[in-house]
Structure formats: C-alpha cells, structure tokens
Amino acid sequence: MENVEENLLNSEKRDSKYKQLTKEQRQGILEKLLQQMKENKLKCGAINEVSSAFQVSRLTVSRIWHAAQTQYRKGKICADVSSKKKKRCG
C-alpha cells in the first residue's frame, strides 16, 4: 500500500494537465477506502482523507468508490477500478 502512495508521489510529471492513475494506484485508493469502512458504510471524511493521502482530487476518489460500489451491488466479489481508457491512451 505504501509503495503505491510513494509511486504516485514520486511519479514523473506528465505533459497533461491531469494525472493519469495506474491500475495499481486506483486499486490502492480502493483498498484504502475499504479500510475506512465501519458497519458497511464509509466513515465520515474518508474520501477527503484518501484524496489528500494520494494527492488526487476528491472527485477522482469518489468516482473510484462509486464504480466499485456499483460492481459490488451487481454481485462481483472483486471490483475492477481500472481506467476506462482503452489500450495505450493518455
């Protein structure tokens, strides 16, 4: 988990305006959110806490969380939170 955070913090700056998270970074964000759950609900402030830990926007973390929750409701055991971009985009 810490390696994912370090990789995100030490990653090279890209030419684009926004960070493109890797699959591992997205998975790390989801794992951190799952650790923040209490009684099948996310603790208050968990999204803000994780977004500051990974230095990404609150909206990005929220989007990953809601994508995972949608998959869990459909009966999937593991959520696939990889990017929606195909192949070598970005």
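The values are calculated or read from the model by the stated rules, or taken from the named source; none is laboratory data. These numbers come from a predicted model, not from an experiment. Cβ sites come from the backbone with ideal geometry, for glycine too, and all protein chains shown count toward neighbours.
Table for the structure above
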item: Hits in segment 19-54 (condition: in a loop (DSSP other than H, G, I, E, B) and over 18 Å from V81 (Cα atoms)); result: E39, N40, K43, C44, G45
item: Long-range neighbours under 7 Å by Cβ, at least six apart or interchain, first residue farther than 14 Å from C78 by Cβ and of a type in the set (D, E, K, R) within segment 19-33, second modelled with pLDDT under 90 and assigned to a helix (DSSP H, G or I); result: E24/V4
item: Subset of segment 62-89 [modelled with pLDDT under 75 and loosely packed, with under 10 Cβ neighbours inside 10 Å]; result: K84, K85, K86, K87, R88, C89
item: Condition check for L59: exposed (fewer than 11 other Cβ atoms within 10 Å of the Cβ), in a helix (DSSP H, G or I) and modelled with pLDDT under 75; result: no
